[in-house]
Amino acid sequence: FQNIRLFNNLTVEDNVKLGLHNHIGYGFWSGIFRLPGYWKEEKVAHERAMELLSIFDMGYLAKYKAGSLPYGAQRKLEIVRALATTPSLLLDEPAAGMNPSETAELMENIVKIRDTFGIAILLIEHDMSLVMGICEGIAVLNFGQIIAKGTPDEIKNDPVVIEAYLGKKKEA
């Protein structure tokens, strides 16, 4: 998620349908000749794409080109497309480049993903307000080594974490 990788010239819906590729059941010839199996599977893919988009209040954007969306909406579309693949684990720096209001909306969406889809969230993130706002358990790394594990309250009060990230307090 560090770089947006949408198909900018495709619609929002088509970007989500691409994430459904592992659920499409028609074969090569059915796709080429638009046989009844193709139309049946396309209907199912359309319905699922629209369902996912509506969960994230993006259904009204379905026919827009993905490249025409604002940055925050493009990031959200990437997450919706990823959900279409029925993953068991998500997210790597999802708030990269987002402004504070987009990050707040992202927090709500991550909680929605966890609760609606029952997906474990492995969040790798530098935005501490996001991390502290949604994580139940945190592991803090410093130069590749785990220096602390715990709840958000335990982590924000851990002297080793404070020293590693804010520096050691100078003696007077």
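The values are calculated or read from the model by the stated rules, or taken from the named source; none is laboratory data. Worth saying up front: this structure is predicted, and the values here are computed from it rather than measured. Heads up, the Cβs are rebuilt from the backbone with ideal geometry, glycines too, and the neighbour counts pull from every protein chain shown. SASA here: full protein model, heavy atoms, side chains in, ligands and nucleic acids out. Shrake-Rupley method; radii C 1.70, N 1.55, O 1.52, S 1.80 Å.
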Helix-only mean residue ellipticity at 222 nm for the chain, each DSSP H run of n ≥ 4 adding -39500 (n - 2.57), per residue, nearest 500 = -15000 deg cm²/dmol
If R0 is 35 Å, what FRET efficiency do you get for Ser101 and Glu163 from their C-beta distance, rounded to 0.05?
-> 0.60
Taking DSSP loops as anything outside H, G, I, E and B, show the longest stretch in the chain free of GluC sites (Glu not before Pro) there with at most 15 other beta carbons within 10 Å.
-> 1-135
Given the candidates Ile155, Ala120, Cys135, the one whose Cα lies deepest towards the positive end of the charge dipole of the chain, counting +1 at each Lys or Arg C-beta and -1 at each Asp or Glu C-beta, is Ala120
Per residue solvent-accessible surface (Å²) - the chain, probe of 1.4 Å | 62
With a sphere of radius 9 Å drawn around the Cβ of Val16, what net charge do the other residues whose Cβ falls strictly inside it have (Lys, Arg +1; Asp, Glu -1)?
-> +1
Per the Cauchy relation, a quarter of the hull surface: what is the mean projected area of the convex hull of the alpha carbons in the chain, in nm²?
-> 12.5
Quick one: pull the percent of accessible area on the chain belonging to carbon and sulfur, 1.4 Å probe, ligands and nucleic acids left out.
-> 57
